[in-house]
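To keep things clear, I will list the structure first and then write my remarks on it.
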Amino acid sequence: MTAAPVAPIELGVELGARSYPIAIGAGLLGDAPRIAAAICGRHALIVSNDVVAPLYLERLENALLHRGDDVLQGEHRASLPGMTVTRLLLPDGEAFKTLASAAQVFDALAAMKANRDATIIALGGGVIGDLAGFAAACWMRGIAFVQVPTTLLAMVDSSVGGKTAVDLAQGKNLVGAFHQPRAVIADTDTLATLPARELRAGFAEVIKYGALGDAEFFAGLERNADALLAREGEALTATIAHCCRQKAGIVARDETEQGERALLNLGHTFGHAIETAMGYGGLLHGEAVAVGMVLAARLSANLGRAAAADTHRLVALLERFGLPTTVPAGLDPDRLIGLMQLDKKNLSGSLRLILWRGVGKADVVPDVDLAAVRAVLAQAT
Ligand code: NAD
Ligand code: GLY
């Protein structure tokens, strides 16, 4: 039997009636009352993939199926007669974050005869979370969903904030919706099975939080890199919580990215272009973001907005976490610029990027000079 969770860290995203809790800690997949409390309706559809499901699906299902037994009594039990739990397993990988996969979720919901009385539970990394959340946003114009992130990247970033999407061949996350989950339940025990490369990719988004707005946190990562890479529980849980707190604050102030939230995309316009150019199968998302942050820092230095020493510090930290810092060979700068021009942050065809003034200070910069962007890409390939 799974041990009871020990004092998880509890946070919240404050969005009025759509506020929701974030719990981070060991053993939460076995926390039946917490999981049951996050579900509403008669149907629960767990969406996962063929890598994560063999590891964790049964634990989650066991917790869910306690519902209506001895775990929840009274009004919860009475309000949910005959809840069904169904699973849908998708193939693994970014290449399956598609409309075709979303259609599979819709087919599963239809087969369950679900209407709005259903909750989708996303069990997996950011790919599953984005896709399942997107399907939840679309089904009958929006049903509940719960994020159960199992990668570092998903715990620190994608499970929080309600951005859901699928990719097109033309670009990443081009079709999506803002749709907040009802809860985020991050069981840090799941990180034990995460491949080392995936763990490192998650640290790119962790470093991003320091780079864009928290110099002290950035310095803490420089000091604690060894413990974090060794997956030391306390250091890792505190780091995840720090990132979630920072993101929750930004999302509460700017849910739909009218301003401040765009800062969370530091490195992403470059990174998404690299991912798309490589056909979603070369660099991992976090790795592409790492390269993208270096490009944004270098561009900032070239434009006189930041000291080159800050770029060196960023490169050193990313390398410490085993992350790439140069554009993979063979990617044409003009093709990358073309892909960057399809980014959601752009206005009226001009390039709008997140640049920085050094560690901990980022800005949204409109009308960035294309020649300067081309120069930084040419220098980096
Ligand atoms: P991922 O979902 O592909 O997961 C990485 C790999 O790890 C996969 O092979 C997965 O099956 C496997 N895996 C997951 N959990 C595991 C575990 N506990 N043990 C062993 N293997 C495990 O990738 P990711 O890095 O989690 O997420 C990247 C995606 O997130 C991208 O599509 C990106 O666009 C998206 N994203 C979204 C947001 C947002 O705000 N919505 C933010 C950042 C990134
Ligand atoms: N990952 C960027 C955001 O959630 O806004």
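Given R0 = 45 Å, the distance between the Cβ atoms of Asp117 and Glu234 translates into a calculated FRET efficiency of 0.65. If you take the Cα centroid of the stretch 237-263 and the Cα centroid of the stretch 194-210, the two points sit 17 Å apart. From helices alone, the chain scores -13500 deg cm²/dmol at 222 nm; the rule is -39500 (n - 2.57) for each run of n ≥ 4 DSSP H residues, then divide by the residue total.
Computed from the C-beta positions of Ala37 and Ile337 and an R0 of 45 Å, the FRET efficiency is 0.40 to the nearest 0.05.
Report, in cubic angstrom per residue, the convex hull volume of the C-alpha atoms of the chain.
On the way: hull volume 47.2 nm³, N = 381.
Cα convex hull per residue, to the nearest whole number: 124 Å³.
Rg and Dmax of the stretch 162-258, both derived from C-alpha coordinates alone, stand at 15.1, 41 Å. Kindly flag which residue pairs out of Lys97/Lys208; Lys113/Lys247; Lys113/Lys172 have an alpha-carbon separation exceeding 29 Å in this structure. Over 29 Å Cα-Cα: Lys113/Lys247; Lys113/Lys172. Across the stretch 93-132, the convex hull enclosing all Cα atoms gives 65 Å³ per residue.
In order along the stretch 98-105, the Karplus-derived 3J(HN,Hα) couplings, from 6.51 cos²θ - 1.76 cosθ + 1.60 at θ = phi - 60°, round to 10, 4, 5, 5, 4, 4, 5, 5 Hz, and Gly and Pro are given as x.
Compute the Kirkwood hydrodynamic radius of the stretch 101-185, taking the inverse of the mean of 1/r over all pairs of distinct Cα atoms, and give it in Å to one decimal.
Numbers: mean 1/r = 0.0796 Å⁻¹.
Taking the inverse mean of 1/r over all distinct Cα pairs, the stretch 101-185 comes out at 12.6 Å.
For the listed peptides 197-203, 18-24, a ranking on the average number of other beta carbons within 10 Å per residue, highest first, reads 197-203, 18-24. Would you calculate the separation in nanometres between label points at Met278 and Glu260, each defined as 7 Å from the Cα along the Cα-to-beta-carbon direction? Distance between label points: 3.3 nm.
Geometric descriptor of the stretch 293-381, per residue, is 95 Å³ (volume of the convex hull of the Cα atoms). A Förster radius of 22 Å, combined with the Cβ-Cβ distance separating Thr84 from Arg18, puts the computed FRET efficiency at roughly 0.30. Placing +1 on the Cβ of every Lys and Arg and -1 on the Cβ of every Asp and Glu, with no other charges, gives the chain a dipole of roughly 600 debye about its Cα centre. DSSP assigns beta bridges within the chain; of those with both partners inside it, close to 40 percent run antiparallel. Projected label points at Ala196 and Ala95, each 7 Å from Cα along the beta carbon direction, are separated by 2.5 nanometres.
Each residue of the stretch 205-220 was assigned a 3J(HN,Hα) from its phi angle through the Karplus expression (A = 6.51, B = -1.76, C = 1.60, θ = phi - 60°), giving 5, 4, 4, 3, 4, x, 4, 7, x, 8, 4, 5, 5, 4, 5, x Hz with x at Gly and Pro.
For a protection proxy built on the mean count of beta-carbon atoms within 10 angstrom, sort 54-62, 355-363 highest first, please.
Numbers: 54-62: 17.1, 355-363: 20.1.
Ranked from most to least packed, the peptides come out as 355-363, 54-62.
Can you bin the stretch 217-362 into rounded, prolate or oblate? Criterion: square roots of the alpha carbon gyration tensor eigenvalues sorted a ≥ b ≥ c, rounded for a/c under 1.5, prolate for a/b above b/c, oblate for the rest. It is prolate, given that a/c is not under 1.5 and a/b is the larger ratio. Note on the stretch 272-295 and the stretch 299-369: Cα centroid distance 12 Å, given to the nearest whole angstrom.
Each reported figure results from applying straightforward, stated rules to the coordinates on display, with no laboratory input. Since the structure is predicted, the reported quantities are computational estimates derived from the model, not experimental observations. Positions of Cβ are backbone-derived with ideal geometry, glycine not excepted, and every protein chain shown enters the neighbour counts.
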